[in-house]
Amino acid sequence: MKKTVGLFAAGALVVALSACSTGATPAGSGGAAGGAPNKALDQIVVGFAQVGAESGWRTANTKDIQDSFKEAGIQLKFSDAQQKQENQISAIRSYIQQNVDYIAFSPVVQTGWDAVLGEAKAAGIPVILTDRAVDSKDTSLYITFLGSDFVKEGKEAGDWLVQQYQGKSDPVNIVQLEGTTGSAPAIDRGTGFADAIKANPNMKVVASQTGDFTRAGGKQVMEAMLKSQPKIDVVFAQNDDMGLGAIEAIEAAGKVPGKDIKIITVDAVHDGMQALADGKINYIVECSPLLGKQLIDIVKKLNAGESVPQRIVTDETTFTQDQAKEALPNRKY
Ligand code: GYE
């Protein structure tokens, strides 16, 4: 009898505690996660819902996150959504069910998250966005967004191009290989690039299509564009992998990538940097996949009851061919 009462009391305590944490966790209210859980680091559980394994960037990002959690001694539950939003939503729901302490995820597309993030909020589980943003009016659905400024990346790609053709008024025909349709980096890089070139009427994006951030996608789209476009001067690939796929298509068509057709990409992962050093790509805007340590910092701060900024922008640079040759030997990914 005594035992039964004890169990019941313990049950009541759990209910009381979770009710308390729900009330005390105003997810995304500008930073703080509410009352400090102050758990020992090895007691903290973070569920991470990754996009997939579509690119060299993603592989480096996954490795960095897994390594950083190991090093910090914080428990990580990891899932790969294979670039499907419905898989990511199920992963998040399963983390909510498992009552993890934090959910971190990189949303495959920008919209359609309000329902599941509302469920996390109701369960009192703070959500951290890494890498990609969500498009939601309700910013209380997440604590912070850690990642790059994709508009700036697109703008830097366009600025470089404008500079290359400065003083010339001949037509410059550009084709764009877009990332995953509806994803923050595809939308924002496209916006930044268009903005940078818009003052130059001779520069025209003559075709723009998604290659879904993959090498195979970039190759396929480029093959079709080489057939349908009478003259292509420049490829703007919204990531290295699609640019690398485009190089294969350009070479197969008997043209010289980097010379007959200039190529600009974003990411600066190892294979992209190698192609840049080899003269097949002309310019790369860096996008850092190394978000693991910053994610750990956020988790530690929230655990200690400290606030974090609602937006944390990653530092990054750009690379010319010469700069790539110099940077390659020390590049970690
Ligand atoms: O540029 C691309 C990846 O979201 C920043 O996703 C990331 C992008 C990255 O597939 O290679």
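The values are calculated or read from the model by the stated rules, or taken from the named source; none is laboratory data. All values reported here derive from a predicted model rather than from experimental measurement. Here the Cβ is made from the backbone with ideal geometry for all residues, glycine too, and neighbour counts use every protein chain on show. These accessible areas exclude ligands, DNA and RNA; they are computed on the full protein's heavy atoms, side chains included. Shrake-Rupley method; radii C 1.70, N 1.55, O 1.52, S 1.80 Å.
Given V206, V151, which one is in contact with a Lys or Arg (Cβ under 8 Å, 6 or more places away or on another chain) and of a type in the set (V, I, T)? It would help to see each step written out before you state the result.
Values: V206 fails: in contact with a Lys or Arg (Cβ under 8 Å, 6 or more places away or on another chain).
Among V206, V151, only V151 is in contact with a Lys or Arg (Cβ under 8 Å, 6 or more places away or on another chain) and of a type in the set (V, I, T).
Which residue out of Q66, Q98 is within 20 Å of S288 (Cβ to Cβ) and more than 16 Å from the ligand (Cβ to nearest atom)?
Q66
Looking at this structure, is K121 of a type in the set (D, E, K, R), in a helix (DSSP H, G or I) and either under 19 Å from the mean Cα position of the chain (by Cα) or within 16 Å of the ligand (Cβ to nearest atom) (or both)?
It is false that K121 is of a type in the set (D, E, K, R), in a helix (DSSP H, G or I) and either under 19 Å from the mean Cα position of the chain (by Cα) or within 16 Å of the ligand (Cβ to nearest atom) (or both).
Quick check: is even one residue across the stretch 320-330 in contact with a Ser or Thr (Cβ under 7 Å, 6 or more places away or on another chain) and in contact (Cβ under 8 Å) with a residue 24 or more places away in the chain?
No.
One residue is enough: does the stretch 54-74 have a residue meeting the conditions in contact with a Phe, Trp or Tyr (Cβ under 6 Å, 6 or more places away or on another chain) and part of a loop (DSSP other than H, G, I, E, B)? Can you show your working first?
As a first pass, look at the stretch 54-74 and keep what is in contact with a Phe, Trp or Tyr (Cβ under 6 Å, 6 or more places away or on another chain): 54-55, 60.
Now restrict to residues that are part of a loop (DSSP other than H, G, I, E, B): 54-55.
Yes, the stretch 54-74 contains a residue that is in contact with a Phe, Trp or Tyr (Cβ under 6 Å, 6 or more places away or on another chain) and part of a loop (DSSP other than H, G, I, E, B).
Scanning the stretch 134-171 for residues that are touching a Pro at 6+ places or on another chain (Cβ under 7 Å) and part of a loop (DSSP other than H, G, I, E, B), which turns out farthest from the ligand (Cβ to nearest atom)?
Residues of the stretch 134-171 touching a Pro at 6+ places or on another chain (Cβ under 7 Å): 134, 140, 143-144, 150.
Going one step further and asking which of them are part of a loop (DSSP other than H, G, I, E, B), we end up with 134, 143.
Values: V134: 13, I143: 19 Å.
Within the stretch 134-171, the match that is farthest from the ligand (Cβ to nearest atom) is I143.
Search the stretch 39-58 for residues that are not assigned by TED's automatic domain parsing to the domain that holds M273 and open to solvent by 10 Å² or more (accessible area, probe 1.4 Å) and pair each with any residue that is away from the ligand (no atom under 11 Å from the Cβ) and among the hydrophobic types (A, V, I, L, M, F, W, C) when their beta-carbon atoms are under 6 Å apart and the residues are at least 6 apart or on different chains.
That search, which allows pairs on different chains as well, returns L41/I74; V45/V100.
In the stretch 312-329, how many residues are open to solvent by 90 Å² or more (accessible area, probe 1.4 Å) and at pLDDT 95 or above?
3
Inspect all residues belonging to the stretch 228-242 and state whether any of them is in contact with a Pro (Cβ under 7 Å, 6 or more places away or on another chain) and under 23 Å from F319 (Cα atoms).
yes
Per-residue answers, yes or no, for (1) crowded, with 22+ Cβ neighbours inside 10 Å; (2) touching a residue at least 40 places away in the same chain (Cβ under 8 Å):
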position	(1), (2)
T139	no, yes
K155	no, yes
Q163	no, no
R189	yes, yes
K198	no, no
K204	no, no
Q209	no, no
Q220	no, no
E223	no, no
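So which residues in the stretch 75-89 are in contact with a strand residue (DSSP E or B) (Cβ under 9 Å, 6 or more places away or on another chain), outside any strand (DSSP E or B) and more than 16 Å from the ligand (Cβ to nearest atom)?
Residue satisfying the conditions is I89 alone.
Could you figure out which of (1) open to solvent by less than 50 Å² (accessible area, probe 1.4 Å); (2) of a type outside the set (F, W, Y); (3) touching a Phe, Trp or Tyr at 6+ places or on another chain (Cβ under 9 Å) isn't true of D101?
Unmet condition: (3).
From (1) away from the ligand (no atom under 16 Å from the Cβ); (2) open to solvent by less than 10 Å² (accessible area, probe 1.4 Å); (3) free of Cβ contacts under 8 Å to residues at least 40 places away in the same chain, pick out the condition that doesn't hold for V234.
(3)
Starting from the stretch 282-300, take each residue that is over 19 Å from G192 (Cα atoms) and modelled with pLDDT under 95 and list its partners that are within 11 Å of the ligand (Cβ to nearest atom) and not β-branched (V, I, T), counting only C-beta distances under 8 angstrom and pairs at least six apart or across chains.
Matching pairs, first to second residue: none at all.
Take the residues in the stretch 251-260 that are of a type outside the set (D, E, K, R) and surrounded by fewer than 24 Cβ atoms within 10 Å (Cβ to Cβ); name whichever of them is farthest from the ligand (Cβ to nearest atom).
Filtering first and then ranking leaves G254.
Condition first: more than 14 Å from the ligand (Cβ to nearest atom) and small (G, A, S). Now tell me which residues in the stretch 45-60 satisfy that.
Within the stretch 45-60, just G47 meets the criteria.
Would you confirm whether or not the stretch 183-193 contains a residue that is within 13 Å of the ligand (Cβ to nearest atom) and not in a helix (DSSP H, G or I)?
yes
Taking R215, is it of a type in the set (K, R), open to solvent by less than 50 Å² (accessible area, probe 1.4 Å) and in the same structural domain as K259 (by TED's automatic domain parsing)?
Taking the combined requirement at face value, the residue does not satisfy it.
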